[in-house]
Amino acid sequence: MPKAIVSGVGEFHPVRKSGQSAEALITHAISAALSEANLGGDDIGAVITESSLTSQMAPFDRIAPMAGLNRVQLTLQTTPVGAGILGAVATAFDLVGSGKVNHALVYFGVDWGTTPNGPTGYHAGMEAKKIVEAPAGFAGPPLYFGIAARRYQHLHGLTELQLQDMLWHVVEAMRFNAQHNPHAQKQDGLSKEAYLDKPMIAEPLRSVDCSLLSDGAVAIVISRSDLSKGQCCPVELAGWAYDYEPLPDMDFYTQSPWLPDLPAARRSSGKAFAAAGLRPEDIDAYQLYDCFSIAVIMQLEALGVCVPGQGRELCASGALHFNGSVPVNTHGGLLGHGYLLGAGHVVEAIRQLRHEAIGRQVENAQTVFVGAGPGRQYSSLIFRRVER
Amino acid sequence: MSNFEVQWQKNLEEGVLRLPQCGACKQWNWYPLPVCRGCGKTDFIWTEIPLSGTLFSWTRVHRNFTGQDMGPMPYTVALINLDGVPGARVPARFMGENPLSLQLDHSVNLVYQQIQGKPVLCFNS
């Protein structure tokens with residue numbers, strides 16, 4: 001069986017407003033990824049993307065002529081949004097690893113920094129949210145996670161101040177990591193005083209507990225290791241898994257019986273760890289979908305990094321800093337780097353494993369976990385450095 | 001309008017709470033889907049349940065994402081576990097002063113109140 005590795009990565013670093021379309025940003029990222037892989041568009045045999053946003057914002061039929069992709073034999077679309085972006089990367093590894101194609105391309109881009117509606121508009125279109133929830137004043141992702149945070153507080157007996165302190169520690173860590181990444185949208189840290197001054201959005205979540213809005217793009221080329229012409233240290237996929245609840249998307253954040261637990265994240269990470277032959281304590285850094293500060297706590301507990309209820313102590317110890325004991329979102333994540341819906345998390349895992357994360361490098365990183373979806377579905381990918 | 005929307009509007013207009021129950025196997029289906037999760041049949045009866053439940057969680061909202069007039073800001077909205085349908089939740093507005101006094105998992109009675117001229121499920125404490 002051929003071995004699949006990352007041969008090239010390209011980015012349009014996230015900015016609040018680029019003034020450009022997602023398609024233009026993606027074309028730029030593809031060109032950069034192909035260049036790093038020392039390949040041309042004609043070398044790409046398969047293109048895999050997430051299905052819901054990309055099919056609207058940057059469908060393959062329009063990207064192909066702009067990016068010079070003329071000989072693609074296979075295009076695939078995975079599950080929607082974050083879990084699908086990660087699933088697309090993993091599927092590219094599987095396609096190349098099975099010998100189906102020599103080189104596969106994954107791309108994702110977003111212009112929600114420039115265009116209105118963004119994530120709120122994405123959710124607002126779902127039937128039950130339109131009919132039942134919005135007329136009662138229940139709309140927007142910050143409410144979903146505000147509700148989850150309040151339930152978490154109740155289950156674990158936290159006081160108002162303990163809840164506030166826990167959320168601040170998460171945001172502080174993401175912003176600290178972002179501060180050490182020159183490509184992050186947020187370049188300043190966040191003191192407790194500054195945090196408390198930020199406006200509430202949906203209690204207990206403040207503006208800085210919520211994901212940034214961004215324009216940006218990512219492209220990743222996966223190649224057979226024996227045919228790779230990339231010069232960077234190879235990175236392989238040690239194991240991955242997807243899991244979900246049999247619940248419609250529109251149901252999860254109000255109807256899930258398990259909230260604030262994330263059983264899909266629990267199961268998918270368990271399967272990914274088993275596939276890689278690793279345990280949570282073996283991982284050198286975690287890149288987790290931090291759409292909201294509380295989502296980081298929910299994932300750390302679902303993944304088994306700490307037991308339920310201990311997320312607060314873990315964060316308060318400074319563990320989440322890139323130089324801490326459990327580095328999380330070393331690029332700054334969605335809260336500090338930019339809202340690329342998990343695509344930026346994958347790129348950061350690759351940069352950490354190549355040991356090129358200047359200013360924020362996790363010492364001698366060998367394995368990095370990337371997880372996204374936190375809700376109905378979840379994808380867990382474990383990347384590993386391949387020494388040459 | 002979908003049947004879901006028609007039936008929910010009837011709830012609001014008549015001041016009652018009816019949720020879809022499979023006519024064949026009696027399983028509740030909330031939120032509704034066109035085929036019963038329990039038995040695969042497609043006939044549902046929107047069946048009346050009590051206007052009561054327990055408080056699952058709440059949030060006080062300072063930025064209105066609904067695109068509709070919600071009245072004075074901030075406002076508090078909660079998810080209520082319905083007594084009549086195990087596992088089903090509905091959003092409801094809290095009409096009291098201080099949400100921090102609310103106790104999760106405690107009983108609440110639901111009433112329809114007019115907010116900005118429209119009936120909305122509400123509770124007091």
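Remarks
- Scanning region A:333-388 for residues that are assigned to a loop (DSSP other than H, G, I, E, B), among the small types (Gly, Ala, Ser) and touching a His at 6+ places or on another chain (Cβ under 8 Å) yields a total of 4.
So that you can scan it fast, the table gives a plain yes or no per residue for (1) more than 9 Å from chain A (Cβ to nearest Cβ); (2) over 18 Å from residue A:135 (Cα atoms); (3) over 12 Å from the mean Cα position of the chain (by Cα):
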site: B:53; (1), (2), (3): yes, yes, no
site: B:63; (1), (2), (3): no, no, yes
site: B:77; (1), (2), (3): no, no, no
site: B:89; (1), (2), (3): no, no, no
site: B:95; (1), (2), (3): yes, no, yes
site: B:115; (1), (2), (3): no, no, yes
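- Selection status of residue A:19, out of contact with any strand residue (DSSP E or B) (no Cβ under 7 Å at 6 or more places or on another chain), on the phi > 0 side of the Ramachandran plot and not hydrophobic (A, V, I, L, M, F, W, C): yes
Yes/no per residue for (1) facing another protein chain (nearest Cβ under 7 Å); (2) of a type in the set (Lys, Arg); (3) assigned to a helix (DSSP H, G or I):
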position	(1), (2), (3)
A:116	no, no, no
A:131	yes, no, yes
A:135	yes, no, yes
A:138	yes, no, no
A:144	no, no, yes
A:148	no, no, yes
A:151	yes, yes, yes
A:158	no, no, no
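- Subset of region B:1-51 that is aromatic (Phe, Trp, Tyr) and part of a strand (DSSP E or B) - its residue that is farthest from the other protein chains (Cβ to nearest Cβ): B:44
- Subset of region B:97-112 [farther than 24 Å from residue A:257 by Cβ, away from chain A (no Cβ under 11 Å) and assigned to a strand (DSSP E or B)]: B:111
- Single match in A:45, A:8 (criterion: surrounded by fewer than 22 Cβ atoms within 10 Å (Cβ to Cβ) and outside the structural domain of residue A:351 (by TED's automatic domain parsing)): A:45
- Top-ranked residue in region A:195-250 [being assigned to a strand (DSSP E or B) and basic (Lys, Arg); ranked as surrounded by the most Cβ atoms within 10 Å (Cβ to Cβ)]: A:206
- Taking region A:1-112 as the region of interest, none of the helices (runs of 4 or more DSSP H) fully inside it holds 2 or more residues being closer than 26 Å to residue A:212 by Cα and among the acidic types (Asp, Glu).
- Of all residues in region B:6-28, those satisfying the criterion of being under 24 Å from residue B:112 (Cα atoms), surrounded by 14 or more Cβ atoms within 10 Å (Cβ to Cβ) and out of contact with any Leu (no Cβ under 8 Å at 6 or more places or on another chain) are B:7, B:8, B:9, B:12, B:18, B:20, B:21.
- Per the listing A:125, A:109, the residue uniquely of a type in the set (Gly, Ala, Ser), out of contact with any Phe, Trp or Tyr (no Cβ under 6 Å at 6 or more places or on another chain), more than 9 Å from chain B (Cβ to nearest Cβ) and surrounded by fewer than 23 Cβ atoms within 10 Å (Cβ to Cβ) is A:125.
The values are calculated or read from the model by the stated rules, or taken from the named source; none is laboratory data. As the structure is a computational prediction, the values presented were derived from the model and not from experiment. Positions of Cβ are generated from backbone atoms using ideal geometry, with glycine treated the same way; all protein chains shown enter the neighbour counts.
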